[in-house]
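One structure below.
The values are calculated or read from the model by the stated rules, or taken from the named source; none is laboratory data. Every value quoted in this text rests on a predicted model; they were computed, and no experiment measured them. Quick reminder, even Gly has a Cβ in these numbers, built from the backbone with ideal geometry, and neighbours come from all protein chains shown.
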Amino acid sequence: MEALKYLAWPVTVLIILLIFCRPLYRLLDRIRYLRLGEARIGTRAPQEKGPGGAPDPTKQRPPLPEQEAGPLLSFVRNAIRESLEARGLSTEADRVRALVDDVAVWSLSARCERIYGLIFGSQIDALQLLNSPNLVSAEIIRPYYNTAAASAPALYAAYPFEQWLAFLSSWGLVEMQGQGLRTSEFGRLFLHYLIEQGMPTYKSL
């Protein structure tokens, strides 16, 4: 998890995103899944709505068109070149390798941020309970759902346990084998990310 120390949204990575957003968008549109250990993570957002009827995450706005960036694009291009030189990356191969690594870290952190905006506190509690090498029954985490449903009956009337659990699996936070499940490698990274970034694990619902 050495890369986690760089998940603080460095300016360099954001600059990279602005420069390469359109090529990366076209590339990611062709990649359906990535593998992180045993976890299979979709690069496209799940088809279902998030907790509480959040907007369909598949309806994504395209990256910022180059013509809208204006003078900022020239500025960030120069800034990234200076950053690469300051890091002692003189050859094209070294620069490409560094850029790929930075964008990979940014992608993971961006996914964690997006999930945090959608996930309920009861689901974070469930992830923490499932954070074990052993597979357990889904019934183990049902009390978290029941408690949240009791606190917001109107909302949860249209959000059954199966859909609540499907949110975790569709985002790659848990892995399921038969009737058993546990927090996935990406799910553990997500929990670690919250700690590293000082983000509260307590959320309503």
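Is there a residue being at pLDDT below 90 and either aromatic (Phe, Trp, Tyr) or within 21 Å of His192 (Cα to Cα) (or both) anywhere in the range 86-97?
No: zero hits.
For Ser204, state whether it is surrounded by 13 or more Cβ atoms within 10 Å (Cβ to Cβ), over 28 Å from Val105 (Cβ atoms), touching a residue at least 12 places away in the same chain (Cβ under 8 Å) and out of contact with any strand residue (DSSP E or B) (no Cβ under 6 Å at 6 or more places or on another chain). Walk me through it before giving the result.
On the way: surrounded by 13 or more Cβ atoms within 10 Å (Cβ to Cβ): no; over 28 Å from Val105 (Cβ atoms): yes; touching a residue at least 12 places away in the same chain (Cβ under 8 Å): yes; out of contact with any strand residue (DSSP E or B) (no Cβ under 6 Å at 6 or more places or on another chain): yes.
The answer is no for Ser204.
Ser90 passes all but one of (1) touching a residue at least 24 places away in the same chain (Cβ under 8 Å); (2) outside the structural domain of Phe190 (by TED's automatic domain parsing); (3) not in a helix (DSSP H, G or I); which number fails?
(1)
Starting from the range 147-170, keep only residues that are part of a helix (DSSP H, G or I), then list their pairs with residues that are β-branched (Val, Ile, Thr) and surrounded by 14 or more Cβ atoms within 10 Å (Cβ to Cβ) whose Cβ atoms are within a distance under 7 Å, requiring at least 6 positions of separation or different chains.
Leu168/Val174
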